[in-house]
């Protein structure tokens, strides 16, 4: 019962926050289905960059390799970046504090 009361009291502050707006957005799909890339920046300072490429696996098949990064600020103003890679060898991420 106490846990649910804590969640209820925390919810209004989350709900009252304004949603960030996309400030810039660019997507390139000219080379689809072989590759794509996109990026965007938001009004809260968060951003995302991603690119994907089809690669030959050497077995008569192709696979999608994806590289990207996401940046954001936490509630204390700390800036973080998560880089990621996804593909034939799985999904890997690295998160680091920028400032």
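The values are calculated or read from the model by the stated rules, or taken from the named source; none is laboratory data. In this text, all values refer to a predicted model and were calculated from it rather than measured experimentally. Cβ placement follows ideal geometry from the backbone for every residue including glycine, while neighbour counts extend to all protein chains displayed.
Would you pick out the residues in the range 28-54 that are part of a strand (DSSP E or B) and more than 19 Å from residue 83 (Cβ to Cβ)?
28, 54
Is it fair to say residue 9 is loosely packed, with under 12 Cβ neighbours inside 10 Å, part of a loop (DSSP other than H, G, I, E, B) and either in contact with a helix residue (DSSP H, G or I) (Cβ under 8 Å, 6 or more places away or on another chain) or modelled with pLDDT under 95 (or both)?
no
Do you know which residues across the range 55-96 are outside any loop (DSSP other than H, G, I, E, B) and free of Cβ contacts under 8 Å to residues at least 12 places away in the same chain?
Within the range 55-96, 56, 62, 90, 91, 92, 93 qualify.
Name the pairs whose Cβ atoms lie under 6 Å apart, with the first residue in the range 17-46 and exposed (fewer than 11 other Cβ atoms within 10 Å of the Cβ), the second assigned to a loop (DSSP other than H, G, I, E, B), and 6 or more positions between them or separate chains?
21/43
Among the numbered criteria (1) under 26 Å from residue 98 (Cβ atoms); (2) modelled with pLDDT under 95, which single criterion is violated by residue 50?
If we test residue 50 against (1) under 26 Å from residue 98 (Cβ atoms); (2) modelled with pLDDT under 95, just (2) comes out false.
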